[in-house]
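Here's the structure, in structure tokens; my notes come after.
The values are calculated or read from the model by the stated rules, or taken from the named source; none is laboratory data. Keep in mind that what you see is a predicted model, and the values were worked out from it rather than measured. As a convention, Cβ positions derive from the backbone with ideal geometry for all residues, glycine included, and neighbour counts pool all protein chains shown. Only protein heavy atoms, including side chains, enter the accessible area calculation; ligands, DNA and RNA are left aside. Shrake-Rupley method; radii C 1.70, N 1.55, O 1.52, S 1.80 Å.
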Amino acid sequence: MTQQVEQRNLTSALEDYLETIYQLLQEQPIARVRDIAKARDVKAGSVSPALKRLADMGLVKYLRREYVTLTPEGEEQARRVYSRHRVLTRFFESILKMPSEEAERDACAMEHCLSDEGMDRLVRLIEFLGACTSCAPDFLDRFHRCPLMNDDAPPCPDECDSMWGSTISDSGGPMSIFDLTPGDHARVSQVNARGAIRQRLLDMGILPQAKVELERVAPAGEPVWIKLDGTQLALRRQEAEAVLVDMPT
Amino acid sequence: MSQLRLPIPEVTIRTIRVALAGNPNSGKTSIFNSLTGAHQHVGNYPGVTVEKRWGGFTAKGTDFNVQDLPGTYSLTSFSPEERIAQNELLDGGHDVVVVVVDSMSLKRSLVLLAQVMQTGANPVLCLNMSDEAERTGLRLDLGQMRKLLGIPIVQTVGHRGIGVDRLVDAVHAAADSPVRRPRLVLGERMEKAIGAIRGHMEPMHGAAGGRDWVATKLMMGEEEFVQRMQGVEGDWGGAAIEEAQRQRKWIESSTGQDVALFVTERYFGFVDGLLREVVREVPRKDARAVSDAVDKILVHRALGLPIFAALMYLIFWVTFTLGAIPMDWIDAGFGWLGEAITGFWPEGSESPLESLLVDGVIGGVGGVIIFLPNILLLFIGLALLEDTGYMARAAFLMDRIMHRFGLHGKSFVPMMTGFGCSIPGIMATRTLENERDRLTTMLVLPLMSCGARLPIWMLLIPAFFAPVWRAPVLWLIYAFGIALALVLALVLRRSVLKGEDAPFVMELPPYRVPTARAVLMKMGERSWLYLRKAGTIILGISILMWAATAYPSRAEYDVDAQIASGAITLSDEEIENARTAEDLRFSIAGRVGRTIEPLIAPLGFDWKMGTAMIGAFAAKEVFVAQMGIVYAMGETDEESQGLRETLARDYSPLTGVSLMLFLLISSPCMATLAVTRREAGSWRWAWLQFGGLTAVAYLISLVVYQVGSLLI
Ligand SMILES: Nc1nc2c(ncn2[C@@H]2O[C@H](COP(=O)(O)OP(=O)(O)OP(=O)(O)O)[C@@H](O)[C@H]2O)c(=O)[nH]1
Ligand SMILES: [Mg+2]
């Protein structure tokens, strides 16, 4: 419990100091205030109050005036912050292919605000993306060539099943049956449902290129009622959203 | 070895096994009924039939064994009732499979035909609803269609039995000529893939055509078929699985589509090609124009739900007011009969046989039978909802509300069926794909006030409510049942039956005008069932109840002792009344009733109601019968009052309300429990249903009666 309180009290500026000290201590046995100020690009005068607070928290120990080192707890905290920083930098730089300066800056901003759980999962994803070549050999390559990522890319022939349905980018994103208003005619472009319900929709004739018309919606806004090939079907919101359509312009 | 050999009779008659397959609501059961003369349930919404049923008839010197199956959209498993049909079609060993299709939605229906052809079955195509097709001007070149498909094709009008004789001819001919049917070719890529997989399947037994089906399913990675292949002797099964995976990858990478979409598109492509060749004239008229116009009103966004509530109200109003007229006649008839029987015995005799006939049989069974007209009217109402197609609309309108309470729009159809009887309602839950939805619906379904409880309402409501209130109160009982079912469903879904929501995809058929024959048939069937129940189980229990109420009787009465000792003085009539009351309390029923009385007294019930409730566990109508018996036995004066008047005299309206609530909610009847056990798969659920509902009923009645007593 106390540990959590301490962590919360550790502001991002203090975390940055810890990180800097940690980095300095990788190269030399002790850290001098002057070096810290230099690394952080601040005046030596503003370093001392920060160090004093870190010392009060028991994270930093003064060996002499001007010379500090990390206590065991301090070292642990610092290592945590530092490894976050490294992972995030790598993520922005080598996976999202951002310039290294921007990557560094975004990593600095992000490392303080993620929860341990969120960070842990992100780290696993990053490791998977970077290392797991057996599941997805040219996966990253394809990602950067995909129209989702690359605005100049030609339209992709593959039918992508977005795991978010159409909800992740609902402005300007693809339209689903659920977005139609009564009387609208449209043509099915993708069926994003999975598993048994996907097969059911396909069996009902909801296939790419099929023409559908939205007839009406139920009193509470769902289910929706569609016409398709002389038959009429009711779909709940979730199913209707899984069927993407193109509207004739 | 010398054994006695019995001469085996020459079998000249052969048997042809026929299955009726097709999309839901394509008219399979109508055709089945026309073929076999059966009266299986038909209705204008998908998912009426949920069980396989055999029927038979003889024609052309041949026995036909026909199997009606639940409807299915494709041969890929989904809901439990579809699985029944699929298993039967894949492994049923039928000589002929009649694929019944709705001529108005050929595209989707013929996909099923394509799949049946792939399984290597011997299909006959039955183009049903040809009357509707003709009316809209759709014309097909049947000759061309037969040539292209290589199978017999017959046009029918299922519910009128038109074309059914030709169907019999076609089935007979098809069974006799197992010609080599052309293989279904689904395009080049698919052919290559199937060919490659089939290459490994040479050792497989069975029809060569079926291999195409197995190969397709292996490619789609369907668990069941993969397991089947893993189970074969030799290593060719594994090789086939591997090949199927290779083909799947190849198809997916070369087309950019997943295999499910690819294969389904092939089927639809095949049907499109076929239809291009055989459709001579496309429909001139919109087949559903009228139906759509009606829907504009009935499922109107704002008016839909109020109209639904009003329709339900109309049904109860008719049940009540129209039903009252013939009810009075029947009542008078029984009154006359009772007097006629009494006439055989001398005035003032105490013959047990007279009491059995007049008090037990007429008081009990007669008391149930007089409600036959109400039952009939209720069932006409339900039959109209089913046969017109409104049922599917009700499910559409109610889905959102049902969803809020963790149920499914489709659950509403079994619930409406439950207004007739809980048993078919519980069976109808098979149309729900998700096991948890199914269990939840099943468990709360007895809260739908069934036809057997209608006599109870017909007895109690007029006893306690003024005429203007009667129909609204009846409506309220039903509405309260639905509301409580929803609340309990929510509780179940939040506790023992937690889980994901199931998808909701439902077809809405066009409205159809119900045939008088169909409605009369349903009515006739219901009246027969009701009368049969009255003549068997209710009669039996009435006699038991009569005996329990009549015996043992006292030899000496306390009143007489008190009068003799001079403690009280009473008129003759009062003495007679007191003696009868003592007899009743002394009888078995009286003792049992008084044992449980302390338990039910807080709800406002006395021991008479208690014994009637025990009887009601066997069949709900017995409640009415037993009340009739107890009061008939209690009657002493010649001018007998009606049972209702007696009830109104003896109990307060508050007791009436508490009683009605208890009877609505508490323990479902024995038959319902047995069906729940069977459909849910374990007694656990049946006991939960029994215990849970009874406990809730007790609580609600307790609160209503106690709070009510404080207020009044
Ligand atoms: N107009 C017309 N209506 C028909 C015909 N055949 C059946 N019907 C009606 O269509 C509806 C469905 O018929 P059913 O026989 O219950 O259909 P089913 O295929 O058994 O349906 P499920 O059991 O739900 O799969 C009923 O209302 C029938 O009266 C027909 O040839 N023409
Ligand atoms: Mg049927």
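Quick notes
Here's the yes/no breakdown for (1) within 16 Å of ligand 1 (Cβ to nearest atom); (2) over 21 Å from B:Gly425 (Cα atoms); (3) not in a loop (DSSP other than H, G, I, E, B):
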{"site": "B:Ile16", "(1), (2), (3)": "no, yes, yes"}
{"site": "B:Asn25", "(1), (2), (3)": "yes, no, no"}
{"site": "B:Asn33", "(1), (2), (3)": "yes, yes, yes"}
{"site": "B:His39", "(1), (2), (3)": "yes, no, no"}
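- In the set B:Gly27, B:Gly47, B:Gly71, only one residue is within 11 Å of ligand 2 (Cβ to nearest atom), without any contact (Cβ under 8 Å) to a residue 60 or more places away in the chain, assigned by TED's automatic domain parsing to the domain that holds B:Val97 and not hydroxyl-bearing (Ser, Thr, Tyr); that residue is B:Gly71.
Here's the yes/no breakdown for (1) more than 30 Å from B:Leu311 (Cα to Cα); (2) touching a helix residue (DSSP H, G or I) at 6+ places or on another chain (Cβ under 7 Å):
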| site | (1), (2) |
| --- | --- |
| B:Ser351 | yes, no |
| B:Ser355 | yes, yes |
| B:Gly363 | yes, yes |
| B:Gly366 | yes, yes |
| B:Phe379 | no, yes |
| B:Leu382 | no, yes |
| B:Glu386 | no, no |
| B:Ala392 | no, no |
| B:Met398 | no, yes |
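- Entry remark, the range B:422-436: residues being surrounded by fewer than 24 Cβ atoms within 10 Å (Cβ to Cβ) and in contact with a helix residue (DSSP H, G or I) (Cβ under 8 Å, 6 or more places away or on another chain) number 6 in total.
- Meets criteria (away from chain A (no Cβ under 14 Å), within 14 Å of ligand 1 (Cβ to nearest atom), within 18 Å of B:Asn25 (Cβ to Cβ) and not hydrophobic (A, V, I, L, M, F, W, C)) for B:Ser130: yes
- Residue match in the range B:399-418 (condition: away from every other protein chain (no Cβ under 14 Å), touching a residue at least 12 places away in the same chain (Cβ under 8 Å), within 18 Å of B:Val50 (Cα to Cα) and not in a helix (DSSP H, G or I)): no
- Within the range A:192-238, being of a type in the set (A, V, I, L, M), at the interface with chain B (Cβ under 7 Å from one of its Cβ atoms) and open to solvent by less than 10 Å² (accessible area, probe 1.4 Å) holds for A:Leu201, A:Leu202, A:Met204, A:Ala218, A:Leu233, A:Ala234, A:Leu235.
Here is a yes/no grid of residues against (1) within 14 Å of chain A (Cβ to nearest Cβ); (2) in a helix (DSSP H, G or I):
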| position | (1), (2) |
| --- | --- |
| B:Glu88 | no, yes |
| B:Val101 | yes, no |
| B:Met104 | yes, yes |
| B:Val111 | yes, yes |
| B:Ala121 | no, no |
| B:Val124 | no, no |
| B:Glu134 | no, yes |
| B:Met145 | no, yes |
| B:Leu148 | no, yes |
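- A:Val87, sole failed condition from (1) outside any loop (DSSP other than H, G, I, E, B); (2) under 20 Å from A:Glu19 (Cα atoms); (3) aliphatic (A, V, I, L, M); (4) modelled with pLDDT under 80: (4)
- Total residues in the range B:499-540 satisfying the condition of being surrounded by 21 or more Cβ atoms within 10 Å (Cβ to Cβ) and within 30 Å of B:Met613 (Cα to Cα): the figure is 5.
- Residue among B:Val513, B:Val505 that is of a type in the set (A, V, I, L, M) and more than 14 Å from chain A (Cβ to nearest Cβ): B:Val513
- Residue in the range B:268-280 that is small (Gly, Ala, Ser) and not in a helix (DSSP H, G or I) present: no
- Given (1) in a loop (DSSP other than H, G, I, E, B); (2) open to solvent by 50 Å² or more (accessible area, probe 1.4 Å); (3) not acidic (Asp, Glu), index of the condition B:Phe605 fails: (2)
- Of all residues in the range B:306-322, those that are open to solvent by less than 60 Å² (accessible area, probe 1.4 Å) and under 24 Å from the mean Cα position of the chain (by Cα) total 10.
- Test: residue in the range B:76-87 that is open to solvent by 10 Å² or more (accessible area, probe 1.4 Å), out of contact with any His (no Cβ under 7 Å at 6 or more places or on another chain), within 26 Å of B:Glu265 (Cβ to Cβ) and within 12 Å of ligand 1 (Cβ to nearest atom): no
Listed here are the residues, each with its yes/no results for (1) open to solvent by 40 Å² or more (accessible area, probe 1.4 Å); (2) in the same structural domain as B:Gly535 (by TED's automatic domain parsing); (3) over 27 Å from B:Leu353 (Cβ atoms); (4) touching a His at 6+ places or on another chain (Cβ under 7 Å).
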position	(1), (2), (3), (4)
B:Ala555	yes, yes, no, no
B:Ala564	yes, yes, yes, no
B:Ala567	yes, yes, yes, no
B:Asn577	yes, yes, no, no
B:Val592	yes, yes, no, no
B:Thr611	no, yes, no, no
B:Ile614	yes, yes, no, no
B:Glu621	no, yes, no, no
